[in-house]
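I have placed the structure first, in the form of structure tokens, so that the comments after it can refer back to it.
The values are calculated or read from the model by the stated rules, or taken from the named source; none is laboratory data. No experiment lies behind these values; they were computed from the predicted model shown. Heads up, the Cβs are rebuilt from the backbone with ideal geometry, glycines too, and the neighbour counts pull from every protein chain shown.
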Amino acid sequence: MKKLTLIAVSFMFTAFSFAQNQGQWSFGAGGDFTAPDANANIGYFVMDGVMVSFDFEMGMDYEVETDHGSSDVDHSHEHLDVEGEFAWGGAIRYYAVDNMFVEAGMRMGDGDDPDTHLAGGVSLELGFDGKLWFEPMLKYNMPGLEVSPLNSNASQSTLGLAWSFRYTF
């Protein structure tokens, strides 16, 4: 019975282990579940279980339309084109136990102060002989803004669910 348990545990570690070997490259793309943004990053395993990555994010351009006045005489429209933002940053990720990781990173955007984040998640194998992974994670964002612009909560920290697809080669 002990041998059967040992074999079962060995298969579990083999099935769920994520190879994070020194010298591997990794490309990832993802975002969070609440915003229509996308980011991409490229990472390099500087040592077994430790990945350093560079990322960038491009926000989409959009238009805001505001109606003013309540009658036909007073009625006017205001159109505002909002240009998408470009942000860049870096992160370090440590695979603590098999395919579970913790991550810390910084990102520079429009402001002078960098945004920082802490995350923890798991890498789930999707295919391509263990090279394609889906990574759901819990992410805590800490914006660099000290004061929010009017009618905004841009300076408030948030906790949310994020996701990523990662290809390792």
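List of remarks:
- Residues of segment 94-118 classified as in contact with a helix residue (DSSP H, G or I) (Cβ under 9 Å, 6 or more places away or on another chain) and among the acidic types (Asp, Glu), total: 1
- Just one of the listed residues (Ala38, Ala15, Ala19) is closer than 24 Å to Phe169 by Cα and modelled with pLDDT of 70 or more, and it is Ala38.
- Any chance Ala87 is loosely packed, with under 14 Cβ neighbours inside 10 Å, in contact with a strand residue (DSSP E or B) (Cβ under 9 Å, 6 or more places away or on another chain) and small (Gly, Ala, Ser): no
- Scanning segment 117-132 for residues that are part of a strand (DSSP E or B) and farther than 19 Å from Val50 by Cβ turns up Leu124, Glu125, Leu126, Gly127, Leu132.
- Considered as a group, the residues in segment 22-38 that are within 12 Å of the chain's Cα centre (by Cα), within 18 Å of Leu132 (Cβ to Cβ) and not hydrophobic (A, V, I, L, M, F, W, C) include one that is surrounded by the fewest Cβ atoms within 10 Å (Cβ to Cβ), and that residue is Gly31.
- Condition check for Val82: within 21 Å of Met58 (Cα to Cα) and among the β-branched types (Val, Ile, Thr): yes
Rundown of residues vs (1) in contact with a Gly (Cβ under 7 Å, 6 or more places away or on another chain); (2) hydrophobic (A, V, I, L, M, F, W, C); (3) at pLDDT 80 or above, yes/no style:
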{"position": "His68", "(1), (2), (3)": "no, no, no"}
{"position": "Val73", "(1), (2), (3)": "no, yes, no"}
{"position": "Asp81", "(1), (2), (3)": "no, no, yes"}
{"position": "Gly84", "(1), (2), (3)": "yes, no, no"}
{"position": "Trp88", "(1), (2), (3)": "no, yes, yes"}
{"position": "Ala91", "(1), (2), (3)": "yes, yes, yes"}
{"position": "Val97", "(1), (2), (3)": "no, yes, yes"}
{"position": "Met100", "(1), (2), (3)": "no, yes, yes"}
{"position": "Met106", "(1), (2), (3)": "yes, yes, yes"}
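- Pairs, first outside any strand (DSSP E or B) in segment 152-169, second at pLDDT 90 or above, C-beta under 8 Å, six or more apart: Ser157/Tyr140; Phe169/Gln24; Phe169/Trp25; Phe169/Ser26; Phe169/Phe27; Phe169/Lys131
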